[in-house]
Every structure is written in structure tokens, then in C-alpha cells.
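The values are calculated or read from the model by the stated rules, or taken from the named source; none is laboratory data. In this text, all values refer to a predicted model and were calculated from it rather than measured experimentally. Here the Cβ positions follow ideal geometry from the backbone for every residue, glycine too, while neighbour counts run over all protein chains shown. The area values use the complete protein model at the heavy-atom level, side chains included, leaving out ligands, DNA and RNA. Shrake-Rupley method; radii C 1.70, N 1.55, O 1.52, S 1.80 Å.
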Amino acid sequence: MRENLPKNYDPKEFEDRLYGFWNDNGYFTPEIDENKKPYTIMMPPPNVTGSLHMGHALNNTIQDILIRWKRMEGYSALWLPGTDHASISTEAKVVEKIKSEGRSKDELGREGFLKEAWEWTDLYGGTIKNQLKKLGVSCDWTRDRFTLDEMLSNAVEEVFVRLYDKGLIYRGDRIINWCPSCHTAISDAEVDHEDSHGHLWHVNYPVKDSDETITIATTRPETILGDLAVAVHPEDERYTHLVGKTVVLPLVGREIPVIADNYVEMEFGTGALKITPSHDPNDFEVGARHGLGQCVVIDEDGYINENGGEFKGLERFAARKAIAEKLNEEGLLKEVKDHDNAVGHCERCKTVIEPIISKQWFVKMEPLAKPSLEAYYKGEINFVPERFGKVYVHWLENIKDWCISRQLWWGHRLPVYYCDDCGEIIVSREDVNSCSKCKSTNIRQETDTLDTWFSSALWPFSTLGWPEDTEDLKYFFPTDVLVTGYDIIFFWVIRMIFSSLEQMGELPFKDVFLTGLVRDSEGRKMSKSLGNGIDPLEIIDEYGSDALRFTLITGNTPGNDMRFIIDRVEANRNFANKLWNATRFVLMNLEENMEKPTLEGMDLQVEDKWILTRLHTIIGEIKDNMDKYEIGLAGQRIYDFIWEDYCDWYIEMVKSRLYGDDKESAKTAQNVLVVVLKETLKLLHPFMPFITEEIWQHLPGSSEALIVESWPAADTDLVFQKEKEDIEFIKTAIKGIRNARAEMNIIPSRKSKLIFVLENDSLKPIIEDSKVKFMALASAEEIVFEVDKRNLGDDNISVVLDGCEVYLPLSDLIDFDKEIERLQKEKSKLEDEIKRVKSKLSNEGFVSKAPAKIVEEEKEKQIKYSQMLENVLERLESLKR
RNA sequence: GGGCGGUUAGUUCAGCUGGUAGAACGCUACGUUGACAUCGUAGAGGUCGUUGGUUCGAGUCCAAUAUCGCCCACCA
């Protein structure tokens, strides 16, 4: 059954195969088991027609690590995947597609367009899911959801109706952000403000029946056409006498009042502000306060309408230019200044947003925001890293009503019906055919659809079957952690929280793990327009999924942006290769008949106890790291353990036993090698699932699948303090000897005799016990002990250690000047150390105030280093003679 | 105008509740020892942006400041 591992690490050979193996065996699908604790993560649904980018790769890797870890810890772990219909984004793609075929939305009509959209979805909907599989995501595909699924659409309707009935959804004429290109309203969150260089036009408005003029300042002269007042600050003495008077609107001739309002900043511009209630959110407010009414001059396409007189039909920016010119001609343009300000752009298409008055549907936010803030203040929401809590609070404290209606077709149509006879508005879960008030059948459904985030806000529970009281919902809700990018806190995280508090009465998750952005190697945001995006699939193809995953989660911290450096992927691929080859080594040295590796009845040697101690130490440390979401640190610890402790030291130390005559000792080593390797594979599995599973299945005594093995627990019976210290000493000695030999340019093939001169007997058994290790790892040919170093000649290299000196007689090879130089270096190192320790210990404050333990350690160091220095000095003296 | 983050070895980044600065890559020298050259051994490289403060002791806490970047924001 056990076959050999192929000679080369080739992730392509097994990654897809293992994904299929896991998925086909149902390992991703958790059982609803009351004896187990649930652990739930909802995958942030990518756009249904999107494709995988590094951001997805990062946060899905994190989720996969968490879910695999918890699954191994024995939880019933559900990771629910799905996709988002992404209304505006998908609709734009479909519009573009039909446009390229010479057709338009209007031609197709609603039904026809939706048919196209579904075809598009069917065509591209599977793409990102298949790409995610390449990454190794162990999510439950049997519970795959789509925001337009019937089940989720029911949830959307239910929430809409409930909120409406509670008065939390209302319809109204408000000033909203209009995208003239996407031809829909969008919410505040969907507007990107970009600083742009513009101008500040100072325009004279003549005061009626007077020679006076009042000069206003505006960045948007085209909106003059819609002005309904000029406002000044109530306390602005320059204008007090004009308040209440009337001015004549240039170009238009309309007579409008001068009003006083606190909103006006006296210092800005001229201190006089034109008021255009229909095309500026602030002016809208001012206008409402003063009962100015409305005057719409820009239409939904961004063109001046019939209210614009001679400018009718001009595009808004052309109108700006034309109007500025006309004002200039008429001598009303006092001056034009350069002026930078933030201009709102459509997040999706980058078109400049036009604030317009429009009848739209809104969610009243204040009552929903309040509980969300309270939950946070009570400490019930844990942001990782914590600082994002402030972002959350700031947004909620300044929240405005949420415009949820979109003039789009791809999405959830509002469950709203209008009676054309009596004007009744009916909001209903079921289709409405007749008016509940006048019984008329002259009924039509609202044509608008909902903001795509309205449905994703319900994701944590709509995916589990809510509003039905399903078994899934009862068992898996609330979820445990949300993993997503900090850029969608406003769009999504907050909305899920208030939606869940409102509908479910509890938080949708306890922890919010926020990832940073993956940038290119120069720190730029990856973007299509720059063409600097790195395709995760290409990386996987070249280096393997495990290498990519490991790269994404190490060497960075949550919430901080990271640069994608290809060299790091290569390094991690090399790490996988290292593990692969270490396994091959273990396998080729196993007895054919080994069935189940065990520590039972084994006569553990000192290095066996050392590696077990190291293993069980990191098991504990990794648990701590994982509990704190320090997954990068956890990964780093396993990496170091495998490469340094296991490969560089343990395997090397154990080789002589494997090849030696002592069969029992060899057998013990074999068992420890496999036992430790298998525990290590478990620890590494969440991070590098493919290679670990592949190796696992090749090892003796393995269960059928590592993915469902249980997570290692730290075992104090396998922590051996004495043996650990002994091996640490041996390592230091070997390193010291190697160092000395390298500095003296002694080639490794030239073996040397090691003469140990001990300060006392305590080290003797330890050294004797490790004779073989010195032979192998320090190129020794013989080990002897000498009591009196005066018996040794000068033709030695001397390595000074804590508690002993090691002499290497290599008379013919020794360049004494070099040896003196080397010892001088040792000397100054030790002197520096002693100086540091002494100054610390002579500091009255340190000795009296620092913890006794720290002081004691420093004292011990002083003695140790002094002794070592003495030995070095002695040695130097004898060489100089 | 507010808020936040970065500033640590040539490069990319770690560094938890303060106690002699770490990794990877790169670089230098050596190495065909029976897993691995996608490797091994050894080495060089840092006044932890600057200035103050708290402390016996600060990369680590506090305050200023410089610089880069991000987010929010109704001075038109």
C-alpha cells in the first residue's frame, strides 16, 4: 500500500487530485452534531462573473487556514461559499456586451435583458469557483449560495417588508448621488471623492432696484441656472443690509431672495453663496430650511433641461464653459481663481456624480446604527486589528440614510406595488394584483431593484435559510469570524452587523479579521488599468498552491498592505521542496514492515527527547498564535521548526543511528522521525494543505485523510528540560567548532581530533553521549578529554565554550597569525558583553528595582563570560610566546 | 479640516503584555559527506525617521516633529 514518494516535488501532480479527493469524500461538509461545537465562516461572496485576484487569494487562504484548523480541532466547521450578483457591476458588463452586438437595453426590454444577464451569469458564474478550488479552499460546496437564489431573495423581500412595516424604509424625493453614465442612483458609500483642480468663479449678482451687486463664488457656474437664493452668514456685517432684498439672477433674470443661514462660511470665497437646492446636497438642506422649492436644470443624462433657457441641450461641462463665457461677456464675471476641491465620482464607472432630486427608497439609519454602536461599546465585536473599530464607530456616528433603490434591472426588484388609480403604495411579500385600498387592478410593480449590498447585508443568515427556522440556521448561526478587506467595512461589514442585530437579534459574528491590500512589488495597487495585476493562477501553476498560500500569510500583519514579491513565493516553494525531500529521506530509511510508528516502548535518546520537546513547545506556541489570529507567526514557527530543528539538526544527528549496527536505536530513531513528522504535518496542514496531505498518505500508519485528523495537543510528558539543554549545548559546541574551522579555512573532509578540557565533570557524560554527533557534524575523528591544558602544545585551534574548551590539534594547517586574529575577535566580543553586563550590575537602580530573576541572570552571565574571556586571554598569551 | 497607518540589515518585512535587534531574499567564502544545489556550512550587513519625556532599562510606552501613504469630511 505504501508507495514511494516521487523523487521530485511536483505540486501539479497531486494538488487537483487531492482537492477532488477531499471534496468527493465530503470532508468539506460538516455534520449538524449536537455533541460538537459549530464553527462557521461565511465566505465573502465574490462577484458572480468576476475572476480570482490576489485579494481573493489572500482572504480565502486565511479563511481556509482557520476552517481547516478548527475542523481538526474537532469543531463542526462550516465554511459557506457563494457568489454575489453584483447588480451594477454585472449589469454594466452585460450592457457592454449587448452594445458590442449593436443592441441596447431599451430594445431588449426588461425581460429580454434579464435573459441576457442570466446567460452571462451561467457562462461566467463558475469561473471564480473553479479558480478558488485551485487555491484549496475547503468550503462546503453543497451549501453554495447565490444572492439571487430563491431562498436568498425571499430573505431580501422579508427584510424589506419588515423594515417598511416598522417605518424604517421610506420613499421620498431627496437629493441623491446620480451617475449619468450608469443611469442610476447610488449610495454615499459608492461615491469616491477625488481631489481635482478646478476653478472658483466669482460672479456678480445685481441687487434689484439698486446699483449694488453681491458677488458669489461657485465651482459650478452651470448650476446658476437653478439658483433659488443667495445666502450669507447672519452675522456677516458686509451683507446684513442686503438680507431680505432681492437679486436678479444673471443670464436667467429670475428674481431670488438674499437669505441668512449659519451654514455659510464667512471666510470662504466672498462670503456669499448661491443656493441651488436641486443640484447640491447642502443647498438642498438650506433650501428646505427656507422653503425655497426646487428648480431642476440638469437631467438624468447630465444635460441642461428646458429650465436652462438658451443653454438647454448642452452637456453639463459644456454648459459650464458656455455659461462662464457668457457671464464674462456680460461683465458679470468678476474673477476666476484656481481652486482644488474633492469631486465625487461613481465608484464603478468613474463618471462625475451629479447630485439630483429624485424619488428613491431609503433605509432610515439612525435606529439601526444605535444598537450596532452599543454592541461595539459593550465589547461584543472584536476587530483584528483593533484600530478598525474606530473606523466603524466614526462611520456609524455620522451615518446618513441609505439610498437602496437602483434604476437597474439586474437585482432584487423592490416588493412594492403602486395603484395607478388611487395612488396607494403596497409593500408585500406576495405578488399584488389588486389594490388593497380601492380594489383597482390597475397595479404595477416598482421597476427599481435594490442596492446589491442590501442582499449581501443578509448573507450571514439568508444563506442558512432564514426566514425559515432551518436546522442549519439553528446550528451554525451566529458565525464566528468574518474575514474581509478593510475597504469594504462600510459597504458590507457594518450593514451585516445592523441587519443581523435587527433581524436576528444578535451579532452575525464575533470577530472581524481585516486583511490589507496585496500590492505589486513596487507598492502600487494592482489594477486592470495599470496592467500590474498578478494572476494567482499563474503563480499556482508555476510554484504550486501551497507556496502561494504560505507567501500570502507570512511576513505581514493583518490590516496592513503587503507587497507581492515573487522571490518569496520561490522561497516558500523551496520550503515545500525541503519538506518533500526530508520525507523521502525518512521513508527510505524505514523498515519495510513498520506499521504504525509509535513512541511506546522506545528507548528515547537525548536528541529524540530534544526534538519531541521542541515539537511540543511549538504546539503550545502555535495554539496561542492561532487563538490570537497571529497566523503568520504560527506559520513562521512551523517553517523554522521543520527546516532548522527537524532537517538541519535532528535528521543530521540521527543519521549515524539509522546507518549504525544498533538496530534498536535505529528503530527508535525511525519511529521518532515518523511520529514527529506526522505531528508536524498536522500543524502545517492548514497552511499548506496539499503537500501535507500528499505526504501524509505516504507515511506508515496514516489514516485515510489528514484533513480530518485531530489537531496536536501539547503534551508535557514529552517535554524534557534536561535533554533539551544538553542538546542546546551540543549544538553550540558544534557551531563553535565549525565556525573555528571555517575561519581557519580547514576543509570539512579534513577530520580533526577534539580534545575537551572541562572545568568540571558535569559536561563529561553529555559530551561522551554525543560523541557520534561530533564526529558527524563537527568533522571530528576522535574525542578525548584532557585534564590539564598545559599538557597540550600550541599547535591547536582553541574553541572557548561555556564550561569547557575544545582543542583541535591541526599543527600542519595552522596559520598562527590567523588564529590569533580569530581569538582577538572572540576576545573583543566577550569584552563588550562583560562591559555591558558590568555597567548594568553596577547600576544601583537596576540591582534594586529590576526583577530578581533578571538580575540573577545578568550575574550568571558575568561569571560565565569572565571565565570564557580568561580562557581566551590565556590562549592568546601562549600563542604570542 | 479630522482620523489612521508606515518609517527596523542592500531589498521585502516580522518583532506578543518594555530586559543583550530577527527571518526570507540578495551578498561573500567554502562544500559533489549515502533527502534536498529548489541544497549544506560559515560569514558580512542595523546609532530600529528625528527630538524630548517616563523608566534601573525603550525598536517596544508618552509627547512633539519630519516624511510617505490611506480613509473620512457639506468651505460653495
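Sorted by accessible area (1.4 Å probe), largest first, how do A:Trp69, A:Trp395 line up?
A:Trp395, A:Trp69
Would you mind working out the accessible area per residue for chain A, using a 1.4 Å probe, and quoting it in Å²?
Accessible area per residue: 45 Å².
For the range A:595-705, what log10 I(q)/I(0) values come out of the Debye formula at q = 0.13, 0.15, 0.18, 0.20 1/Å, with one point per alpha carbon and no solvent?
So the normalised log intensities are -0.51, -0.67, -0.93, -1.11.
With axes computed from alpha carbons, what is the tilt in degrees of helix A:388-397 against the longest principal axis of chain A, rounded to the nearest 10 within 0 to 90?
With both axes taken from Cα atoms, the answer is about 20 degrees.
Residues of the range A:338-373 with the amide nitrogen closer than 18 Å to a label point 7 Å from the Cα of A:Glu285, along Cα-to-Cβ, please.
Inside the label zone: A:342-344, A:355-358, A:364-367.
From the square roots a ≥ b ≥ c of the eigenvalues of the alpha-carbon gyration tensor of the range A:313-447, which class results: rounded (a/c under 1.5), prolate (a/b over b/c), or oblate?
In terms of gyration-tensor shape, oblate.
Work out, step by step, the length gained on full extension between A:Glu73 and A:Lys321: first 0.36 nm times the residue separation, then minus their alpha carbon distance; give nm to one decimal.
Result for the pair: 82.6 nm of gain on full extension.
To the nearest 0.05, what FRET efficiency results for A:Asp567 and A:Glu874 with a Förster distance of 56 Å applied to their C-beta separation?
Efficiency computed from Cβ-Cβ geometry: 0.75.
Do me a favour and compute the ellipsoid semi-axes for chain A from its Cα gyration tensor, root of five times each eigenvalue, largest one first, whole Å.
71, 36, 23
In debye to the nearest 20, how big a dipole does the range A:749-842 give about its Cα centre with +1 on each Lys and Arg Cβ and -1 on each Asp and Glu Cβ?
440 debye
Could you tally the net charge around A:Asp627, taking each other residue with its Cβ under 12 Å from the Cβ of A:Asp627, Lys/Arg +1 and Asp/Glu -1?
Summing Lys and Arg as +1 and Asp and Glu as -1 gives -2.
I want to make sure I understand the PRE zone here: with the label point 7 angstrom from the Cα of A:Asp603 toward its beta carbon, which residues in the range A:559-588 have backbone N atoms less than 17 Å away?
none
Please tell me which of these pairs span more than 18 angstrom C-alpha to C-alpha: A:Lys274/A:Lys364; A:Lys37/A:Lys678; A:Lys609/A:Lys655?
A:Lys274/A:Lys364; A:Lys37/A:Lys678
Rounded if a/c is under 1.5, else prolate if a/b beats b/c, else oblate: with a ≥ b ≥ c from the C-alpha gyration tensor eigenvalues square-rooted, which is the range A:498-613?
It is oblate, given that a/c is not under 1.5 and a/b is not larger than b/c.
List the pairs from A:Lys12/A:Lys623; A:Lys370/A:Lys390; A:Lys134/A:Lys623 whose alpha-carbon separation is above 24 Å, in the order I gave them.
A:Lys12/A:Lys623; A:Lys134/A:Lys623
Classify the range A:727-798 from the C-alpha gyration tensor, please: rounded if a/c falls under 1.5, else prolate or oblate depending on whether a/b exceeds b/c.
Oblate, because a/c is 1.5 or more while a/b does not exceed b/c.
Nearest-5 percent of antiparallel DSSP beta bridges in the range A:727-814?
Of all bridge pairs located within the range A:727-814, approximately 65 percent are antiparallel.
Once you wrap a convex hull around the alpha carbon atoms of the range A:705-842, what is its projected area averaged over all directions, in nm²?
13.4 nm²
At 7 Å along Cα-to-Cβ for each site, give me the label-to-label distance between A:Ser710 and A:Glu235 in nm.
Once both label points are built, they end up 7.3 nm from each other.
Using a 1.4 Å probe over the heavy atoms of the protein chains, calculate the carbon and sulfur portion of the accessible area of chain A as a whole percent.
It is 47 percent, rounded to a whole number.
Report the one residue of A:Leu148, A:Gly26, A:Ile638 whose Cα lies farthest in the direction of the positive end of the charge dipole of chain A (charges on C-beta: Lys and Arg +1, Asp and Glu -1; origin at the Cα centre).
The one lying farthest along the dipole's positive direction is A:Ile638.
Please compute the volume of the convex hull spanned by the alpha-carbon atoms of the range A:419-523 and report it per residue in Å³.
Expressed per residue, the convex hull around the Cα atoms of the range A:419-523 is 149 Å³.
Based on DSSP, what percent of beta bridges with both residues in the range A:442-592 are antiparallel, to the nearest 5?
Around 10 percent antiparallel, to the nearest 5.
Would you calculate a helix-derived [θ] at 222 nm for chain A, using -39,500 (n - 2.57) for each DSSP H run of n ≥ 4 and dividing by the full residue count, to the nearest 500?
Dividing the helical sum by the residues of chain A leaves -13500 deg cm²/dmol.
Placing +1 at every Lys and Arg Cβ and -1 at every Asp and Glu Cβ, with all other atoms neutral, what dipole size does chain A have around its Cα centre, in debye to the nearest 20?
In debye, rounded to 20, chain A gives about 920.
Would you mind getting me the FRET efficiency between A:Asp431 and A:Asn341? Use the beta-carbon distance for r and R0 = 41 Å, nearest 0.05.
Plugging the Cβ-Cβ distance into 1/(1 + (r/R0)^6) gives 0.30.
Work through the residues other than A:Val719 whose Cβ is under 11 Å from its Cβ and net out their charges, Lys, Arg +1 and Asp, Glu -1.
Local charge sum for A:Val719: +1.
When we measure straight from the Cα of A:Lys825, which lysines land under 26 angstrom away, once same-chain ones fewer than 8 places off are left out?
Cross-link targets: A:Lys731, A:Lys735, A:Lys751, A:Lys753, A:Lys789, A:Lys835, A:Lys838, A:Lys840, A:Lys859, A:Lys861, A:Lys864, A:Lys880.
Within the range A:485-514, which residues have the backbone N less than 18 Å from the label spot 7 Å out from A:Glu386 along Cα→beta-carbon, could you tell me?
A:510-514
Below 25 Å, Cα to Cα, which lysines can A:Lys105 reach? Residues fewer than 8 away in the same chain don't count.
Cα-Cα hits under 25 Å: A:Lys93, A:Lys97, A:Lys115, A:Lys350, A:Lys359.
Tell me, what is the FRET efficiency for A:Arg444 and A:Met151 to the nearest 0.05, using R0 = 25 angstrom and their Cβ-Cβ distance as r?
After rounding to 0.05, the efficiency reads 0.40.
With unit charges on the beta carbons (Lys and Arg positive, Asp and Glu negative) and the dipole taken about the Cα centre of the range A:811-857, which residue among A:Ile854, A:Ser828, A:Leu813 sits farthest to the positive side?
A:Ile854
Between A:Met266 and A:Val855, what length in nm is gained on full extension when 0.36 nm per residue of separation is reduced by their alpha carbon distance?
Between A:Met266 and A:Val855, full extension yields an extra 205.5 nm.
Report, in degrees rounded to the nearest 10, the 0 to 90 angle that the Cα long axis of helix A:87-100 makes with the longest principal axis of chain A.
With both axes taken from Cα atoms, the answer is about 70 degrees.
Using bins 5 angstrom wide from zero, how does P(r) for the range A:367-432 break down, in % of all Cα pairs?
Distribution as computed: 3, 12, 15, 13, 11, 11, 13, 10, 6, 3, 1, 0 percent.
Report the local net charge at A:Ser181: Lys and Arg +1, Asp and Glu -1, summed over other residues whose C-beta lies under 15 Å from its C-beta.
My count for the surroundings of A:Ser181 gives -3.
Any idea what angle helix A:494-503 forms with the longest principal axis of chain A, computed on alpha-carbon atoms, 0 to 90 degrees, nearest 10?
Tilt of helix A:494-503: around 80 degrees.
In nm, what is the difference between 0.36 nm times the number of residues separating A:Ser811 and A:Glu471 and their Cα-Cα distance?
Length difference between fully extended and current span is 114.3 nm.
Just to be sure I understand the model, the point goes 7 Å from the Cα along the line to the Cβ. What's the resulting A:Asn581 to A:Tyr377 distance in nm?
6.1 nm
For chain A, what proportion of DSSP beta bridges, expressed in % and rounded to the nearest 5, is antiparallel?
Restricted to chain A, the bridges split so that about 70 percent are antiparallel.
Just the Cα atoms of the range A:364-404: what Rg and Dmax do they give in Å?
Considering the range A:364-404 through its Cα atoms, Rg and Dmax are 10.7, 30 Å.
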